[in-house]
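The values are calculated or read from the model by the stated rules, or taken from the named source; none is laboratory data. What you see is a predicted model; the values in this text were computed from it and never measured. Neighbour counts are summed over all protein chains in view; Cβ atoms, including those assigned to glycine, are modelled from backbone coordinates with ideal geometry.
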Amino acid sequence: MYLYNSLTNQKEEVKPIKENEISMYLCGPTVYNYPHVGNTRNMIVFDVLRRSLEFQGYNVRQMVNFTDVDDKIINRAKEEGVSESEVSEKYIKAYNQIRANLNVLMPTYTPRVTETMDEIIDFIDRLVKVGSAYEVDGDVYFDVESDKHYGELSKNTIEDLKVGARVDENDKKKSPLDFALWKKMEEGLRWDSPWGEGRPGWHTECVVMINKQFDNGLIDIHMGGTDLKFPHHENEIAQSRALNDNTIANYWIHNAMLNVNGAKMSKSLANGLLANEMIDMHGGNAIRWMMLNTHYRLALNFSDEVLDTAKKELEKIKMPIKQLEIKAQLANVDYVGKYDEVAMKPFIDALNDDLNISNAITVVYEVVKELNQLIRTREINFELAKDKEATLVKMLEILGIFFPEIKLTEEDKETFNKWNAAKAEKNFEEADKYRAILVERGLA
Ligand SMILES: [Zn+2]
């Protein structure tokens, strides 16, 4: 597997820390509202990466956090007149439902900030003790100038950043670049700490969660949107460098954003395109196929046209599978197809090339074409066709696309036989009647 590493700005072969194992982390959502469709792009890309690595025999340990401590959650709780935990529970549930509807596998770990508080406080305390962080009036800040390599990921220098930094006169920080690890709080969600009551800053939670689960706080792949590269990911790395002398992950992967009719769609922008509504309207497969059709490092332009195209393409791919299933079941074929390792190779090779989806999809279409040819022959070789179908289904499974199983009932089979008989007798009126029944059943 080769991935484009933002640390080095080049494609690199992924060499796992532990043999046959890949550990990967994705910055998860702040759970205060229903996610927009744009928020699903990175979870889909992350899922395809996992599925393709698992297919190649890796044991994948995947982590996606839930940020359940944030001003936005506290404000939402006030607005709705409920507790903060009721707000986060509600939206965590919604988020997991969207995962399921988009065929996104549940990550191995889904830690929450509220469940990681002891470790967060301990981590900040250690940063203070090594001299990388300092306390002012109950707040704790990371001392950015203590990190000589700060800017490595975003290709910034401290000097350049200082020139562009906004200086707030009331700031208690040593440098405008310093970021909060702990914020003093007198109301809302707050915890006891060596610096008094307060709550952690956002930049510190991901790195602590990774440290809690993975040896030396080091994983193979860290993913997130390009919008998080600076300052969030840069700040995650700075903390890890201070305590573990590493960059958290050997490969930092960034996905581009989603544009809605030209307008950039980010976490904070309310375009009204809620993921659950989009899924209800168009189905999880269509959303997923649309997201995958553009390479993850390119901006994706979301529009009705793009979505319609995705739906049409999926119909084209589904058609031969459906037709073969019907023909095989009418012929009482019980052979179970096996996917062809050799035919899978160009597909996997494409995914291994920094998730080159367009090349992978080209391979899918070749298999669709071959399957179409096999089922159009007069005497169908069912074993050959079923194997081809299994190869296609396996590729779709790695992309996370699943079609409902076709299972003909005895009545369906009878209707098919009557339809064929009517056609043979050129009794078109009768044939149309049976055809209508099959259309109704989604079989013709
Ligand atoms: Zn993060």
Quiz item: Can you tell me which residues in segment 362-412 are out of contact with any Phe, Trp or Tyr (no Cβ under 6 Å at 6 or more places or on another chain), among the polar types (S, T, N, Q) and part of a helix (DSSP H, G or I)?
Solution: Thr362, Asn372, Gln373
Quiz item: within 17 Å of Asp147 (Cβ to Cβ), more than 13 Å from the ligand (Cβ to nearest atom) and crowded, with 19+ Cβ neighbours inside 10 Å: does that describe Thr204?
Solution: no
Quiz prompt | Flag if Leu181 is surrounded by fewer than 19 Cβ atoms within 10 Å (Cβ to Cβ), within 16 Å of the ligand (Cβ to nearest atom) and among the aliphatic types (A, V, I, L, M) | solution = no
Quiz item: Does segment 66-77 include one or more residues that are modelled with pLDDT of 95 or more and surrounded by fewer than 16 Cβ atoms within 10 Å (Cβ to Cβ)?
Solution: no
Quiz item: Looking only at residues in segment 377-400 that are touching a residue at least 60 places away in the same chain (Cβ under 8 Å) and among the acidic types (Asp, Glu), which one is nearest to Leu314 (Cα to Cα)?
Solution: Glu397
Self-check item: segment 378-408, residues that are modelled with pLDDT under 95 and out of contact with any helix residue (DSSP H, G or I) (no Cβ under 9 Å at 6 or more places or on another chain)
Solution: Arg378, Glu379, Pro404
Quiz item: Among the numbered criteria (1) buried (at least 18 other Cβ atoms within 10 Å of the Cβ); (2) within 15 Å of the ligand (Cβ to nearest atom), which single criterion is violated by Thr226?
Solution: (1)
